[in-house]
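Below is one structure, written out as structure tokens; the observations come after it.
The values are calculated or read from the model by the stated rules, or taken from the named source; none is laboratory data. Nothing here was measured: the structure is a model prediction, and the numbers come from that model. Quick reminder, even Gly has a Cβ in these numbers, built from the backbone with ideal geometry, and neighbours come from all protein chains shown.
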Amino acid sequence: MTTNTPAATPADAPTAHATTAASVTVGPSGEPSAASEPAVTGSNAAAPAHEAKSPVRQSEAATDATVTIVPAVEAPARTRRGPVALLAPVGSLVVAIGLWYAVSYLLLAPARRFLVPPPHQVLQVAVLDWTHLQPMLQALALTAQVALAGLAIAAALGITGAVVMSRARWLERSLYPYAVILQTVPILAIVPLIGLWFGFGFTSRVIVCVLIALFPMIANTLFGLQSVDRAHHDLFTLQKASHWDRLRKLELPAALPAIFTGLRTSSGLSVIGAIVGDMFFKQGAPGIGTLLDVYRSRLQSEDLFAAIILASLFGVAVFALFTLLSRLAVGSWHASGRS
């Protein structure tokens, strides 16, 4: 006797793409006959056990598999540049000026308003009046010379020292701790010693800049030299490159992003060092730090605020200059220059 079982309906198997019709023959004893096999129709039906390992059947099943299409996710929009990008810094400047006015007019009595003069008074007295602005610009020019000279010397010494320390681990262990000590010693503690040894003029101011700006150059350059990919070193080893070729063609170019990071950090520190040197070493032409000390002693608040703003703008300009140089030097092949 033969019993036919109906194929599965879509309601019974909502995700099925095939139907199975099983034909079972029942023998006289009521047991199903082994001679009959289920008839399978459809492309996704299960294959017999002896055919489950067939690569042909597996590839056919793979080609008939259901593909789920995931909707594409839009990439985030790139940061806009141009006038829109200036809204945030301009807004911050407006807020800062508003707070300045609030402190001057709301928190201070008229008799004490000279401590924080309002912005328009600083603009009128110290910026629009050439008799006040001219000595500030002359002093700022001298401070700029000191800062740039100290930065150049610090960059040369820092890069050279980092290259020497990168040649061998024992050289790094011997020299790097002294660079750390030089960074941790307060510069004001050794300023009298610098004046005693080198005088109280231009040279001592430059030395202060060098001492302040040296460590970031050493640390960043050494990090860049030691971060070169090992596979690149292996390639130069296979080419039997000399130490000089390896340094000139591999290590220094790969360390350029780190070197420019050190330059940006050291540039701001060099400006600070120049102002500190102006305050302590007053022989020769006055720098902007010297004028700051003079304005403080005379309670010339408008001139004092104007000198502080000029010194800050100079520091920002130097930082922006090295940021631009970094993008021009490494922006075409390194992510740090494209950000």
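Being exposed (fewer than 14 other Cβ atoms within 10 Å of the Cβ) and aliphatic (A, V, I, L, M) holds for only one residue in 122, 90, and it is 90.
Listed conditions (1) at pLDDT below 90; (2) part of a helix (DSSP H, G or I) are all met by residue 200, apart from (2).
For every residue, the table says whether it meets (1) closer than 23 Å to residue 160 by Cα; (2) modelled with pLDDT of 90 or more.
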| site | (1), (2) |
| --- | --- |
| 188 | no, no |
| 192 | no, no |
| 220 | yes, yes |
| 226 | yes, no |
| 247 | yes, no |
| 265 | yes, yes |
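All conditions but one from (1) surrounded by 20 or more Cβ atoms within 10 Å (Cβ to Cβ); (2) over 16 Å from residue 148 (Cα atoms) apply to residue 248; the one that does not is (1). Among the candidates 204, 242, single out the residue that is farther than 30 Å from residue 321 by Cα and more than 19 Å from the chain's Cα centre (by Cα). Being farther than 30 Å from residue 321 by Cα and more than 19 Å from the chain's Cα centre (by Cα) holds for just one of 204, 242, which is 242.
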